[in-house]
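One structure is given below, encoded as structure tokens.
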Amino acid sequence: MKIWSPLLATLVLLNSFSAQIFQDDEINIEVIDDDVDLNIVAESDNYPCNGYPQYRKLPVNQGFYLGAQNAGSQVFKGECQASQDASIIKMLEDGIRFLDVNLCTNEKNIVVVCSNRDSTVSSTPFTDVLNEAFIFARENPEQFFIINLRSENVGHQANIKDLEQQMDTICKTHTELTPGTDEYVKYKCPFIYRHEKGPWPSIGELVNYNPEMAQWEGDGELVGVRTKMLFTASESISTVPEYQPSYFTEPFWRESRASEPNKLKDNLKKVCRVPAGGIKLNAYADDACSKDDYSPEQIEDLLLDKLGCNLNDSPLNTFISVLSVNHYGKHLRYLQELKDRMMEINYAKWNGNYQLVRPSTIATKQHKVQRDEL
């Protein structure tokens, strides 16, 4: 029998399981692709713990995050500068949980969004990016997302002290607009999580989501800061002598990046054989004006082929932390499905279990399990 996708999505959310196809001798439940309601898919991302309350005990550094390369670049009119089409808040609403933002300082010494393609300077200040992120955090409880700041291929690099001053100013404004918060303490932004030493908290711990415990309530509504963001910075962000950052955390992933798919595949094969934690996969072309975004089939090939990462035959401590792409909206259905599949695998590996990656129902090419020869 066939069940229309809105009903299936509702059943999936009620039972806290990822959408998939089930089949046995008596029943066949099939998602009808032509009628998938993307609004239902997007809404599920804003359920607790980034849409995965069943994985609330998974440490933050073991999760999987969909990433948008050059987030904020929709402000550029030229297709060579604009790697994305959506605003920051729209990306977060669509389930993007890793925002890669390129910044620079303009002639008026204002930190703005800049193109890493050709150094084009926009009129969009960094504070606009921050405001959208904080608005989402205030309006969508029990979420966690990462903002990675870069200053690559620009005329004047942004420095970490200026960035933190602006982050603190914007945070103060939004904290004071949030019911149930204490008096603001400078450089102690309650929305920003900074990890220093020791084990990482689970996403449930970080956003205070525990359905088994009573929550702090005020006038019948949940109050206080209930969504967290984590900031990281690339080496291209300028440091300031003797200045100690208050808000930035060292990345918990290792990166795999190359100029074109075959080179990226070769690089992944090497990286994935080393059991050293999460990997950030940058699946986008370095060519300044390339219109060839990675297809679902290419991403599947990178992840599952024997000559690529070969996740189905990888060590327990090898998993994908971030997949960063251009124009994520082109393949949003596939990326949403991939997120479900990667969260399943990451959770299984964290529990010490080897589990095969569930086949995609969207990518046309399927990969058989291939074992590396000893």
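The values are calculated or read from the model by the stated rules, or taken from the named source; none is laboratory data. Because the structure is a prediction, the values reported are computed rather than measured. Cβ atoms come from the backbone with ideal geometry, glycine included; neighbour counts cover every protein chain shown.
Descriptive notes on the structure:
- No other residue among E152, E132, E139 is under 25 Å from Q84 (Cα atoms) and modelled with pLDDT under 95 apart from E152.
- With respect to the conditions (1) modelled with pLDDT of 95 or more; (2) among the polar types (S, T, N, Q); (3) on the phi > 0 side of the Ramachandran plot, S238 falls short on a single one, namely (3).
- If the condition is being buried (at least 22 other Cβ atoms within 10 Å of the Cβ) and over 18 Å from Y247 (Cα atoms), then region 118-141 contributes no residue at all.
- Matching strands (runs of 3 or more DSSP E) fully within region 55-127 where at least 1 residues are free of Cβ contacts under 8 Å to residues at least 60 places away in the same chain, within 26 Å of E164 (Cβ to Cβ) and in contact with a helix residue (DSSP H, G or I) (Cβ under 9 Å, 6 or more places away or on another chain): 98-105, 111-114, 121-125
- Of the residues making up region 309-324, those that are over 13 Å from V274 (Cα atoms) and buried (at least 23 other Cβ atoms within 10 Å of the Cβ) are S321, V322, L323, S324.
- When residues in region 59-75 are screened for being in contact with a Ser or Thr (Cβ under 6 Å, 6 or more places away or on another chain) and either at pLDDT 95 or above or of a type outside the set (G, A, S) (or both), 5 of them pass.
- Subset tally (residues that are touching a Leu at 6+ places or on another chain (Cβ under 9 Å), in a strand (DSSP E or B) and surrounded by fewer than 16 Cβ atoms within 10 Å (Cβ to Cβ)) for region 220-276: 1
- For region 244-286, residues that are hydrophobic (A, V, I, L, M, F, W, C) and in contact (Cβ under 8 Å) with a residue 60 or more places away in the chain total 3.
- Residues that are more than 19 Å from A283 (Cβ to Cβ) and touching a residue at least 60 places away in the same chain (Cβ under 8 Å) within region 320-348 comprise E344, Y347, listed in sequence order.
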